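Asks: Quick one: the structure is below, questions incoming.
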Amino acid sequence: MAETFDIELLNCSKRYGDINILDDVSIKIKTGEFITVLGPSGCGKTTTLRVIGGFIIPDSGRVSIRGREVTTLPPYRRNIGVVFQNYALWPHMTVFENLAFGLRIRKLPREEIARRVDRALEMVQLTGLNDRYPRQLSGGQQQRVAMARALAIDPEVIILDEPLSNLDRRLREELRIELKGLQRSLGVTMLFVTHDQEEALSMSDQVVVMKSGRIQQIADPRTVYERPANSFVAGFLGSANFLPGSVAENRPAGKGVIKLANGALVSATMPGTIETGSNVKLVVRPEWMLIDRSGTAAGNQLQATVSETIYEGSVVRYGLKLDHDPSSLVFLQERSSGDTFNPGDKVTVDVISAVVTTE
Ligand SMILES: Nc1ncnc2c1ncn2[C@@H]1O[C@H](COP(=O)(O)OP(=O)(O)O)[C@@H](O)[C@H]1O
Ligand SMILES: [Mg+2]
């Protein structure tokens with residue numbers, strides 16, 4: 001029997017005019033999974049979510065919820081809880097009425113509605129605020145009401161569009177943990193949309209990285225960060241140095257040796273076997289390098305001169321120019337506890353980890 005998924009988006013495309021807003025998008029989400037769609041503004045995240053929610057019908061492709069095709073069904077016939085980016089609470093309705101609205105559409109009896117509203121408010125720690133109006137609530141509380149409204153319908157899945165992005169940083173981090181805890185304890189399947197890479201990495205089982213309506217990579221947080229499928233993914237998730245080079249050698253177990261423009265040899269993880277001599281990019285994150293203080297010459301080292309020293313509290317960032325490649329500027333990041341180097345210092349850099357991308 002074919003495996004069924006809580007949410008299955010199959011080859012969905014959507015055009016406005018002659019622009020592909022979604023281009024052959026497929027996403028499969030298993031029961032209880034927390035999936036994040038991550039990408040820059042305008043890449044099609046909201047459109048993806050709206051296709052799943054039933055607010056947009058794709059030009060081609062299929063949407064299924066728990067094995068039932070819903071591609072053309074209206075939102076209220078999908079049993080999906082939706083949390084919109086701007087909360088979308090009705091300002092003239094109390095908290096109770098905001099939550100009860102979707103339950104009335106579903107024709108639930110009065111006592112059942114009251115019970116569900118109370119239960120949903122309890123889940124988001126807003127017990128007793130039934131009679132407040134949205135304007136009488138803080139941003140964080142409004143966000144919780146929006147969440148409770150999605151939970152009240154007892155949804156098969158919940159989809160959330162940048163639910164935390166209107167909040168200040170501390171509250172955002174607090175709610176991130178709360179939301180993740182709620183998802184875990186309820187075991188409910190969630191699809192979460194964000195442009196914030198930290199949010200995506202810290203909350204998700206799987207991250208879907210999008211650019212211009214196309215999926216670039218779907219993988220767990222560690223894989224998208226440490227084994228990015230291409231330069232876009234590498235650059236969008238955290239900071240990365242891109243060093244042009246060519247393949248000097250393929251080695252077993254997905255490893256290889258890259259020769260950089262200045263002649264240095266660096267071993268790296270390869271996305272597969274790549275013909276020797278091919279031009280590639282070496283991706284090295286700032287924390288994947290350390291300044292060598294031992295003075296021993298070994299492999300995987302780069303000679304460089306410090307051009308900038310930036311103290312950031314817990315870490316120090318260095319801008320480095322590689323020897324024999326003066327146009328290069330490479331950033332390296334270390335814990336601030338060791339001895340610090342100054343602009344003009346000659347240093348040897350150990351490359352601890354690196355990955356190769358071809359596009
Ligand atoms: N109704 C529409 N008509 C024309 N273009 C649209 C419409 N809705 C969205 N778009 C365009 O589709 C692209 C993706 O939008 P959206 O899915 O909202 O992106 P995101 O949520 O990732 O910021 C944007 O370039 C946007 O301008
Ligand atoms: Mg959006």
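Here, each number is a calculation from the coordinates, and none is a lab measurement. Source: prediction; values computed, not measured. Every residue, glycine as well, gets a Cβ built from its backbone with ideal geometry; the counts of neighbours run over all protein chains shown.
Asks: Between S212 and I310, what FRET efficiency comes out of the Förster formula 1/(1 + (r/R0)^6) with R0 = 41 Å and r the beta carbon distance, rounded to 0.05?
Replies: Given R0 = 41 Å and the Cβ-Cβ separation, E is 0.80.
Asks: I need W90, W288 ordered by Cβ neighbour count within 10 Å, fewest first.
Replies: Working: W90 12, W288 18.
Ascending Cβ contact count within 10 Å gives the list W90, W288.
Asks: Once amide H atoms are placed 1.01 Å from N in the peptide plane, what residues at a sequence separation of 5 or more from V280, or on another chain, have their amide H within under 5 Å of its amide H?
Replies: Hits under the 5 Å cutoff: G245, S246, V247.
Asks: Looking at L322, A298, G53, which one has the Cα that reaches farthest to the positive end of the dipole of the chain (charges on Cβ: Lys, Arg +1; Asp, Glu -1)?
Replies: G53
Asks: Right, something else. With θ taken as phi - 60° and the coefficients 6.51, -1.76 and 1.60, list the Karplus ³J(HN,Hα) couplings across segment 117-131 in order, rounded to whole Hz; mark glycine and proline as x.
Replies: Residue by residue, segment 117-131 yields 5, 4, 5, 5, 5, 5, 4, 9, 6, 10, 3, x, 8, 3, 9 Hz.
Asks: Over segment 239-357, what relative contact order in percent results from Cα pairs under 8 Å that are six or more residues apart? Before the final figure, lay out each step's value.
Replies: Working: 288 pairs, mean separation 35.0, N = 119.
This gives 29 percent for segment 239-357.
Asks: Now a separate question. On full extension of the chain, what length is gained from D24 through T273, given 0.36 nm per residue of separation minus the C-alpha to C-alpha distance?
Replies: 86.9 nm
Asks: Related question: How many percent of Cα pairs in segment 7-234 exceed 32 Å?
Replies: Result for the distance tail: 18 percent.
Asks: Evaluate the distance, in nm, between pseudo-label points positioned 7 Å from the Cα of R170 and of S337 along their respective Cα→Cβ axes.
Replies: 2.7
Asks: Provide the packing ranking of 54-60, 322-328, 228-234, i.e. peptides ordered by the mean count of other C-beta atoms within 10 Å per residue, highest first.
Replies: The packing order, highest mean first, is 228-234, 54-60, 322-328.
Asks: OK, next. How many angstrom lie between the Cα centre of segment 253-269 and the Cα centre of segment 5-80?
Replies: Rounded to whole Å, the Cα centres lie 40 Å apart.
Asks: Running a GNM on the chain with Cα contacts under 10 Å, which residue among R15, R293, R227 ends up with the highest mean-square fluctuation?
Replies: Checking each option, the largest mean-square fluctuation is seen for R293.
Asks: Which value, in debye to the nearest 20, describes the size of the charge dipole of the chain about its Cα centre when Lys and Arg Cβ atoms bear +1, Asp and Glu Cβ atoms bear -1, and nothing else is charged? It would help to have the intermediate numbers written out before the result.
Replies: On the way: 42 positive and 42 negative charges, 220 e Å.
The calculated dipole for the chain is roughly 1060 debye.
Asks: Now a separate question. So what is the calculated 222 nm ellipticity per residue for the chain, using -39500 (n - 2.57) for each DSSP H run with n of 4 or more, over all residues, to the nearest 500 deg cm²/dmol?
Replies: Numbers: 8 runs with 85 residues, N = 359.
Value at 222 nm, helices only: -7000 deg cm²/dmol.
Asks: Taking amide H positions as placed 1.01 Å from N in the peptide plane, with prolines and chain starts having none, which residues 5 or more places from D345, or on another chain, fall under 5 Å of its amide H?
Replies: V306
Asks: Can you compute log10 of I(q)/I(0) for segment 53-149 with the Debye formula, treating each Cα as one identical point scatterer, at q = 0.10, 0.23, 0.24, 0.25 Å⁻¹?
Replies: At q = 0.10, 0.23, 0.24, 0.25 Å⁻¹ the computed log10 ratios are -0.32, -1.15, -1.21, -1.27.
Asks: Now, a different point. In whole Hz, with x marking every Gly and Pro, tabulate ³J(HN,Hα) for segment 51-66 from phi via Karplus 6.51 cos²θ - 1.76 cosθ + 1.60, θ = phi - 60°.
Replies: With the stated coefficients, segment 51-66 comes to 5, 5, x, x, 8, 9, 9, x, 5, 8, x, 10, 10, 10, 10, 6 Hz.
Asks: What pairs from K321/K346; K259/K281; K45/K211; K255/K346 go past 20 Å between their alpha carbons?
Replies: Flagged as over cut-off: K255/K346.
Asks: Using the alpha-carbon atoms, what tilt in degrees (0 to 90, nearest 10) does helix 95-105 show relative to the longest principal axis of the chain?
Replies: Roughly 70 degrees, rounded to the nearest 10.
Asks: R68 to L290: FRET efficiency via 1/(1 + (r/R0)^6), r the Cβ-Cβ distance, R0 51 Å, to the nearest 0.05?
Replies: 0.45
Asks: Follow-up question, since we're still on this one. Residues with amide H under 5 Å of K255's amide H, sequence separation 5 or more or different chain, H placed in the peptide plane at 1.01 Å from N; which?
Replies: M270
Asks: Work out from phi, with θ = phi - 60° and the Karplus expression 6.51 cos²θ - 1.76 cosθ + 1.60, the ³J(HN,Hα) of each residue of segment 228-243, listed in order in whole Hz, and give x for Gly and Pro.
Replies: Karplus-based 3J(HN,Hα) across segment 228-243 equals x, 6, 7, 5, 4, 4, 4, x, 6, 9, x, 9, 8, 8, 10, 10 Hz.
Asks: In terms of the Cα gyration tensor, with a ≥ b ≥ c the square roots of its eigenvalues, is segment 166-208 rounded because a/c is under 1.5, prolate because a/b exceeds b/c, or oblate?
Replies: Judged from the Cα gyration tensor, segment 166-208 comes out oblate (a/c at least 1.5, b/c at or above a/b).
Asks: Now for a separate question. Which of K107, K346, K28 comes first, and how do the rest follow, when ranked by fewest Cβ neighbours within 10 Å?
Replies: The most exposed by this proxy come first: K107, K346, K28.
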